[in-house]
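Read through the structure below, which is laid out as structure tokens, and then see the notes.
The values are calculated or read from the model by the stated rules, or taken from the named source; none is laboratory data. Bear in mind that the values here come from a model prediction, so they are computed numbers and not experimental data. With ideal geometry, Cβ positions are generated from the backbone for all residues, glycine too; neighbour counts draw on all protein chains shown. The area values use the complete protein model at the heavy-atom level, side chains included, leaving out ligands, DNA and RNA. Shrake-Rupley method; radii C 1.70, N 1.55, O 1.52, S 1.80 Å.
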Amino acid sequence: MASQHTIGQIQMVDLKNQYLKNKSAVDQAIQVCLDETSFIKGPQVALFERQLATYLNVPHVISCANGTDALQLAMMALDLKPNDEVIVPAFTYVATAEVIALLGLKPIIIDVDPKTFTINKELVAEAITPQTRLVVPVHLFGQCADMGGILDLCQANEIAIVEDAAQAIGASYTFPNGYVLAAGCLGDLGTTSFFPSKNLGCFGDGGAVFTRTEELACKVRMIANHGQARKYEHEVVGINSRLDSLQAAILLIKLKSLATYTANRQRAAAWYDNLLNGISEVEIPYRAPNSTHVFHQYTIKVPAKKRDGLIEFLKQNGIPSMVYYPKSLTRQKAYQDVGRVVGDLSVTHELCQRVLSLPMHTELTEPQIAYIAETITTYFA
Ligand SMILES: *Cc1c(COP(=O)(O)O)cnc(C)c1O
């Protein structure tokens, strides 16, 4: 087995080496902000919104303080009423459901697809009632949910869509006619997060809302700024949620590298695939035919009984790993009595027992992945 000393320390995420690669540009951009001292609403913010809009090919990007706020802003812009039903997958990060509950809406929690880990569109159809106003597909781990059917279903039933693209910035979805849209730009609104470990991360908190509809873009902007239409004219109850100039300056630099970051993650995933594919007890990530995969996480499935042992064996060999997510929403204390569950969530519960995310970031080397794969092979031998 390759010696650990020759390949450097393996981390889940390596932000330090990513920073060092464009240190001078980032440091300079930060210095410009300091010299300008326009920390809020500096020119970097509007410029970043425009450049991200161009990158995603979407007309409107509205930046905000974090990905959770982005979800809240998107939902507030839709004028939903208390107890309106919002369909969400059970297998996701808590933020998705948190915002629904905070706004007094009713989460309707459904199961996911066992291969893609994203919302199951047949179950969306089953969960719809006359009270359903919104579906929130989560593009989990970097791959788009099966949006085609969901878009048709929602259009037919006059239900809005907010896509949670916190983990999927840069992924794209291809329709059967060949038309391509970026993750987060298919529904009425889409949201993302610039949390440092996300695929496009800043050096603190940040987020954004995407939309193709000008009216919704204006509403989101107004709500994010205290519901203010003009200075000291407050038309609706809003919140205060901003991306600051320093974060925007850093994101402007990092956006230039996003395509390379994505390619590096996909290259690492391909190395993993090659080396893990032959192990009968390991299921490598499925690739949906209609979406690219930007590998926010590289998540394998292993037999439930062997997962804890594998985590421990990897740890003994200097390899970190994480379980995203160990519990369904419905098994979190805070959400046990919130909303309604449709179906038995058997897929989600099984995934919670079987998934394991391996180190995945932009700086992984082929020898590091070879070492991780060898360690996994040894464990299952
Ligand atoms: C990270 C994340 C969020 C929240 O983003 P923050 O910037 O941490 O608020 C929401 N949804 C999903 C799926 C996420 O992974």
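Some points to look at:
- Cα gyration tensor category, rounded, prolate or oblate, for the stretch 169-229 with a/c compared to 1.5: oblate
- Overall, the accessible surface of the chain at a probe of 1.4 angstrom is composed of carbon and sulfur to the extent of 52 percent.
- Space enclosed by the convex hull of the alpha-carbon atoms of the stretch 176-266, per residue, Å³: 127 Å³
- Each peptide among 283-289, 119-125, 156-162 gets the average number of other Cβ atoms lying within 10 Å of its residues, and from highest to lowest they stand as 119-125, 156-162, 283-289.
- Surface analysis of the stretch 258-380 yields an accessible area of 45 Å² per residue, using protein heavy atoms and a 1.4 Å probe.
- Cα-Cα over 26 Å, subset of Lys115/Lys327; Lys21/Lys315; Lys23/Lys301; Lys106/Lys254; Lys81/Lys327: Lys21/Lys315; Lys23/Lys301; Lys106/Lys254; Lys81/Lys327
- Farthest toward positive dipole pole in the stretch 258-380 [+1 Lys/Arg, -1 Asp/Glu at C-beta], among Gly339, Ile284, Ser328: Gly339
- Computed log10 I(q)/I(0) for the stretch 258-380 at 0.14, 0.15, 0.20, 0.22 Å⁻¹: -0.67, -0.76, -1.15, -1.29, from the Debye equation with unit scatterers placed on every C-alpha and solvent omitted.
- Highest mean packing comes first when the peptides 49-61, 88-100, 129-141 are listed by Cβ atoms within 10 Å, giving 88-100, 129-141, 49-61.
- Looking at the stretch 1-99, the accessible area is 50 square angstrom per residue; that uses a 1.4 Å probe and ignores ligands, DNA and RNA.
- Each residue, Ala229 and Asn57, gets one label point 7 Å from its Cα in the Cβ direction; the gap between the two is 3.6 nm.
- If the segment from Asp273 to Glu366 were pulled out straight at 0.36 nm per residue, it would be longer than the present Cα-Cα gap by 32.3 nm.
- Inter-probe distance in nm under a simple model that places probes 7 Å from Cα toward Cβ, at Ser346 and Phe39: 5.5 nm
- Rounded to 0.05, the FRET efficiency of the Gln316 and Gln336 pair, given R0 = 35 Å and the Cβ-Cβ distance, is 0.45.
- Accessible area expressed per residue, the stretch 156-254, with surrounding protein chains retained (probe 1.4 Å, Å²): 41 Å²
- Extension gain (nm, one decimal) between Asn177 and Val236, 0.36 nm per residue minus Cα-Cα: 17.2 nm
- Taking label points 7 Å from Cα along the Cα-to-Cβ direction, Ser197 and Leu102 give a separation of 2.0 nm.
- Rg/Rh, computed from the Cα trace of the chain with Rh as the Kirkwood radius, has the value 0.97.
- Dipole moment magnitude, nearest 20 debye, the stretch 258-380 about Cα centre, only Lys, Arg, Asp, Glu C-beta charged: 340 debye
- Full-extension gain in nm, Ser24 to Lys81, via 0.36 nm per residue minus C-alpha separation: 15.6 nm
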